[in-house]
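Participant: To start, I am sharing the structure in question, which I have written as structure tokens.
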Amino acid sequence: MHTRFSEYRIMWVLVFFDLPTESKKDRKAYARFRKNLQNDGFTMFQFSIYVRNCPSQQNADVHIKRVKAILPEYGKVGVLCITDKQFSAMELFYGRKTANLPSPGQQLELF
């Protein structure tokens, strides 16, 4: 039986970036990019890495397309899409202590 929300169907979209911040214009573009990511449901994973949980590859594609639409003029931006199973295999450390992965939260699918 196929589970609707299996760990192989649920996707994580990671957006990682290195944007210039030398000028006031650069800092404004940086802040706008981060704000747009947050408005699209991404949360900060590390300072320049934002993540978003998606119920399917099709939904992830929608959010990847939105990221491409808000790319700043300068800097490097990467987008990586992985399954929930792959994401859960990640090991995180705060100093020498192991940390738990962030919970994907409750997903509500309307369609």
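The values are calculated or read from the model by the stated rules, or taken from the named source; none is laboratory data. The structure displayed is predicted, hence computed values, not measured ones. Cβ coordinates were reconstructed from backbone atoms using ideal geometry, including for glycine residues, and neighbour counts include every protein chain displayed. Accessible surface is based on the protein model in full, side chains and every heavy atom, while ligands, DNA and RNA are left aside. Shrake-Rupley method; radii C 1.70, N 1.55, O 1.52, S 1.80 Å.
Participant: Could you pull out the residue among 48, 56 that is surrounded by 12 or more Cβ atoms within 10 Å (Cβ to Cβ) and over 20 Å from residue 29 (Cα atoms)?
Facilitator: Result of the check over 48, 56: 56.
Participant: Would you confirm, using the coordinates I've provided, whether residue 7 is touching a helix residue (DSSP H, G or I) at 6+ places or on another chain (Cβ under 8 Å) and open to solvent by 30 Å² or more (accessible area, probe 1.4 Å)?
Facilitator: For residue 7, the condition - touching a helix residue (DSSP H, G or I) at 6+ places or on another chain (Cβ under 8 Å) and open to solvent by 30 Å² or more (accessible area, probe 1.4 Å) - is met.
Participant: Turning to a different aspect of this structure: Taking the criterion of being part of a helix (DSSP H, G or I) and under 25 Å from residue 29 (Cβ atoms), would at least one residue in region 68-91 satisfy it?
Facilitator: Yes - at least one qualifying residue is present in region 68-91.
Participant: Tell me which residues, restricted to region 29-80, are under 12 Å from residue 12 (Cα atoms), in contact with a helix residue (DSSP H, G or I) (Cβ under 6 Å, 6 or more places away or on another chain) and among the aliphatic types (A, V, I, L, M).
Facilitator: Listed by number, the list holds a single entry, 79.
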